[in-house]
Amino acid sequence: MSTLLPPKPGAATAPAPARATLRGPVRVLLRMHRKALWAGAALLVLGIGVVVALRVWMASSKVLCSDGDITTCGDDIYVPSYAHTSAEGFLVNGGTVLVLLAALIGVFVAGPLIARELESGTFRPAWAQSVSPAHWLAARLAVPAALTVTGLTVLVVVLRWGLWALRAGPDTPGLRWHANGVFPGTGPAILGYALLAVAVGALSAVIVRRTLLSMSLTALVLGAVAACLGTWRYELWPSSFRKSTEVMGYDAGDWPIESGMLTASGEKLYWQDCYEADMAQGVEACMRGRGGIGYFSEYHPASHYWPLQLVETGILLALAALAVFAAFRVLRRLHG
């Protein structure tokens, strides 16, 4: 029967295996794609510069009254300056630009960052040097995710600062908080789009393993997600409801959803149901002929901005987490 004895003093012991970290793969990744990093930094500086220039231009150009006087108007007439209308034309789609920028990063992750290495086989030296496939993929997720979230956070702050100056005017219909060109880029939802773009890019790359096909698939998936959320955004949070015996208007910050008339039993009759009626009769006469006796409206007030932002962000983060989980599972199944 053998006995386990403690090692003799001074006896050589095997060194403990080094703990794997992401520091090495991250350093290699940054060095390989430094040109892309410089391009991203240039886009960040360009975006900040454009918004700052527009804000300075607006500040130096005074709003005009109807008679051309540059003093404060004494009535409800408002004539914006050329600088104001030009800045609005640029900033009204600021949120769309940021979503496209996030999608561009996802396409880069899918193509040059991951799929190109899988397609060409350049990943093999890294895996042969004690870098596991999981660490290799984790570095290619962590680096673009961290840099993208940081850069887009700065751009969101700058865009909100630029939009704040435009909201000083009473007539800025394109800058309503719920506009598709504004909403995604003014809150945390854009960070959800960015993380989803990185995750979808990685998943497409490990599944397809072809550069151009992975980039195309990523763009298609991200475009579909953005289109669906833009179309059904008003459904992400319960809308407010109000009724009256008279025709109602909306406050400046309201997002109108539906409106129409109510019957005595409470059934809703929508205006569009009578739009194709005999115009000699009139739409309201058509509604009253169907039993309408009062008016109602469904809308999102300005206070629903943050609930809608947070719900949309949660959906995007959940999709991103699923895509990341699937990417690691596919990589493990294919490469162990």
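Of note:
- Solvent-accessible area, 1.4 Å probe, carbon plus sulfur percent, for segment 177-222: 74
- Sulfur and carbon atoms: percent of accessible area, segment 235-315 [1.4 Å]: 54
- Ligands, DNA and RNA are left out, and with a 1.4 angstrom probe the accessible area of segment 180-310 is 50 Å² per residue.
- Relative packing of 29-37, 207-215, which averages over residues the other C-beta atoms within 10 Å, highest first: 207-215, 29-37
- Sorted peptide list for 261-272, 94-105, criterion being average Cβ within 10 angstrom, highest first: 94-105, 261-272
- Computed lengthening from Trp306 to Arg290, 0.36 nm per intervening residue step minus Cα-Cα distance: 1.9 nm
- Surface exposure of segment 112-160, expressed per residue as accessible area with a 1.4 Å probe, stands at 44 Å².
The values are calculated or read from the model by the stated rules, or taken from the named source; none is laboratory data. This is a predicted model, so every value here is computed, not measured. Cβ coordinates were reconstructed from backbone atoms using ideal geometry, including for glycine residues, and neighbour counts include every protein chain displayed. Note: accessible area is taken over every heavy atom of the protein model, side chains too, but ligands, DNA and RNA are not part of it. Shrake-Rupley method; radii C 1.70, N 1.55, O 1.52, S 1.80 Å.
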